[in-house]
Ligand code: ADP
């Protein structure tokens, strides 16, 4: 059993994990960089270790120091959270080698899904629908152009090691291919130290719909419904909701069954997310599987009543899932707005500084996952997401009304933030009607400058 757990992360997700651990009677150990020494996750954990400098390569990606901290503090498990080392197969392997439990899937599963072009090929072979594209990575411009010609423009050039929308470029025609190819490659190299890219047909005006799965070590796999994450800026999610207004009951069942099949196919265990792009004619295509907990997991928690971090810990403790697919009771509607410290009107430029005043919303069906407190100094080194506002209502309209009211209450002074921008989205007729695709935010930006 897990008695003491180290959280290899920071910010709101570290706080989120610590909260569930406390409820489960598990002691917690935080890690931090010098600039994070007064962070909420450090204050809430039972113990905390500084694991290196402020740069992420020196601390939050420092496998050696993180594992040493776990051993020194007598932890028997590590939760990697989101980002950082959460999808690093070497880390998962090392954690295990040192006799600790990794809260996540096996290193082999992480590897299989980490290379996105290989993952797609594996899924295609297993009969899962995937976006038409190259078989594996493309080796040079000429090969890329040949495949692009075959699948037809516009095409998307994607980093095989991709994540967070980086290393992804559209080529609308052959004369634009070379430029997009090298831009994608350079961005991939800078972000992932791996410049391999593959090709996919660009699905026009798609929705991004993903399924949460849970799999235990005994072959039991369930899905916890979908999340519609189509409100994105530059392929990064801004608003997520569950259920998706776009799916019929039948489509939900088909896609959910396929998500379970994806997990089964690679012998998956723990929590994971199977992502699809869905075209306007309702065809759906697997794009990738994230082998970790996701930022947007709370919307699923609110509509199912299932604590996903608790499930992750139970599964990693070798416990069997204590419910079956038919036991999952989907109820109501949940929406999450990501709250980012950024200036919407200056090209979403990240903002750092001291939170001079803070007022968090509350009331029935309102949840705010954040590590902010009044006087907290947001450092310039890390992600600009500073919180997540999640609401639950009986219907989608109830949830939208609750989100508007909660955004009105939320005050974060001292740093630029996107509260007002989220407020605009919640009032947009297309969002209210559920009539949107992944181009929604770009279109909204155009409306705003007119
Ligand atoms: P990352 O891992 O960088 O987040 P994904 O493959 O998950 O990359 O894609 C991120 C987003 O990019 C998707 O949510 C979708 O909006 C868009 N996207 C990805 N593949 C396609 C495609 N073939 N056609 C259209 N949009 C796509």
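Throughout, read-outs are computed from the coordinates displayed, never taken from laboratory work. Since the model is a prediction, treat every value here as computed from it, not as a measurement. Here Cβ is always computed from backbone atoms with ideal geometry, including for glycine, and neighbour counts include all displayed protein chains.
Helical runs (DSSP H, four residues minimum) scored at -39500 (n - 2.57) apiece and divided by the length of the chain put the mean residue ellipticity at 222 nm at -10500 deg cm²/dmol.
Peptides 367-375, 202-210, ordered by how many other C-beta atoms sit within 10 Å of their residues on average, highest first, read 202-210, 367-375.
Sorting 61-67, 158-164 by average packing, meaning the other beta carbons within 10 Å per residue, from highest down gives 158-164, 61-67.
Could you order peptides 323-329, 44-50 by the average number of other Cβ atoms within 10 Å of their residues, highest first?
Working: 323-329: 11.3, 44-50: 18.9.
So the order, starting with the most tightly packed, is 44-50, 323-329.
Only Cα pairs under 8 Å and 6+ residues apart enter the sum, and on that basis the relative contact order of the chain stands at 14 percent. Between the alpha-carbon centers of the stretch 213-282 and the stretch 28-86, tell me the distance in whole angstrom. Between the Cα centres of the stretch 213-282 and the stretch 28-86 lies a distance of 30 Å.
Computed on the Cα trace of the stretch 340-408, the radius of gyration divided by the Kirkwood hydrodynamic radius gives Rg/Rh = 1.03.
Taking one equal scatterer on every alpha-carbon of the stretch 90-177, how large is log10 of I(q)/I(0) by Debye at q = 0.10, 0.22 1/Å? Each listed q maps to, in turn, -0.36, -1.10.
Where does each of 36, 90, 195 land when they are ranked from fewest to most other beta-carbon atoms within 10 angstrom?
Numbers: 36 25, 90 12, 195 19.
Result, fewest neighbours first: 90, 195, 36.
Extents of the stretch 151-271, taken as max minus min of Cα coordinates on every principal axis and listed largest first, are 47, 32, 28 Å. Annotation: the chain has a Kirkwood hydrodynamic radius of 22.5 angstrom, from the mean reciprocal C-alpha pair distance. The smallest convex shape that holds all Cα atoms of the stretch 266-313, its convex hull, gives 104 Å³ per residue. Multiplying each eigenvalue of the alpha-carbon gyration tensor of the stretch 274-378 by 5 and taking the square root yields semi-axes of 31, 22, 16 Å, largest first, rounded to whole angstroms.
The Rg/Rh ratio for the stretch 360-450 is 0.99, where Rg is the radius of gyration of the alpha carbons and Rh is the Kirkwood radius. When only Cα pairs below 8 angstrom with a gap of at least 6 residues are kept, the stretch 196-240 shows a relative contact order of 29 percent. Cα gyration tensor of the stretch 88-234, axes a ≥ b ≥ c as square roots of the eigenvalues: rounded (a/c below 1.5), prolate (a/b > b/c) or oblate? Since a/c reaches 1.5 and a/b is larger than b/c, the shape of the stretch 88-234 is classed as prolate.
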